[in-house]
1. Using a 1.4 Å probe on the protein heavy atoms, what percent of the accessible area of the chain belongs to carbon and sulfur?
2. Using only Cα atoms and rounding to the nearest 10 degrees, what angle (0 to 90) does helix 29-44 make with the longest principal axis of the chain?
3. Give me Rg over Rh for the range 37-76, both radii from the alpha carbons and Rh done the Kirkwood way, two decimal places.
4. Once you have the Kirkwood Rh of the chain from its Cα pairs, apply Stokes-Einstein at 4 °C and 1.567 mPa s and quote D in µm²/s.
5. Semi-axes of the equivalent ellipsoid for the range 44-114, please: Cα gyration tensor eigenvalues, times 5, square-rooted, ordered largest first, whole Å.
6. Hey, quick one: spin label on Phe126, modelled 7 Å out along Cα-Cβ, who in the range 13-51 has an amide N within reach, i.e. under 18 Å?
7. Compute the accessible area per residue over the range 19-116, keeping the other protein chains in place, probe 1.4 Å, unit Å².
8. Mind checking which aspartates and glutamates have their Cα closer than 18 Å to the Cα of Lys21? Skip sequence neighbours fewer than 8 apart in that chain.
Amino acid sequence: QEPIIKQGTGDMTKNVYWVLKATIGEGNLEPLKSLAQRFCEATQSEEGVIAYEWSVSDDESTLHILERFADSTAALTHLENVGPILPELMALATPTVMECYGAIDGNFREATKRLPMSYTTMFAGFHR
């Protein structure tokens, strides 16, 4: 039986999105907030960005980043764009979870194989 996967038009979305959770190092919250502004400025002009949100847990110990892109190409463009400043993020926060969702193509999987990312495959649901 075919899964029910629909967007408002009846087509499956081509979006690629992920959630990154990371433990914020001791004393690193303020530098992390400054760095987040740099990431947001670098990302804001990219085509194909749907959502880009940085949040912190109530106890300020865990960083949550939600990123959503129109497709794998837009997601790859983003990773290429922020790649040079990614080591600065890793110096301030240690990733614990990086889960990727959506229409993940082989090029995206290949390009992200060194990241601590796990991939999912949608088998039912819809987008409006």
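1. On the way: 4020 of 7940 Å².
Carbon and sulfur atoms account for 51 percent of the accessible area of the chain.
2. 40 degrees
3. Working: Rg = 11.7 Å, Rh = 11.2 Å.
The Rg/Rh ratio comes out at 1.05.
4. Numbers: Rh = 15.6 Å.
The Stokes-Einstein estimate is 83 µm²/s.
5. Value: 22, 14, 13 Å, ordered largest first.
6. Backbone N within reach: 13-15.
7. So the range 19-116 comes to 57 Å² accessible per residue, rounded to a whole number.
8. Glu30, Glu53, Asp58, Asp59, Glu60, Glu67, Glu88, Glu99
The values are calculated or read from the model by the stated rules, or taken from the named source; none is laboratory data. What you see is a predicted model; the values in this text were computed from it and never measured. Quick reminder, even Gly has a Cβ in these numbers, built from the backbone with ideal geometry, and neighbours come from all protein chains shown. When the accessible area is computed, the model is the full protein with side chains, heavy atoms only, and any ligands, DNA or RNA have been set aside. Shrake-Rupley method; radii C 1.70, N 1.55, O 1.52, S 1.80 Å.
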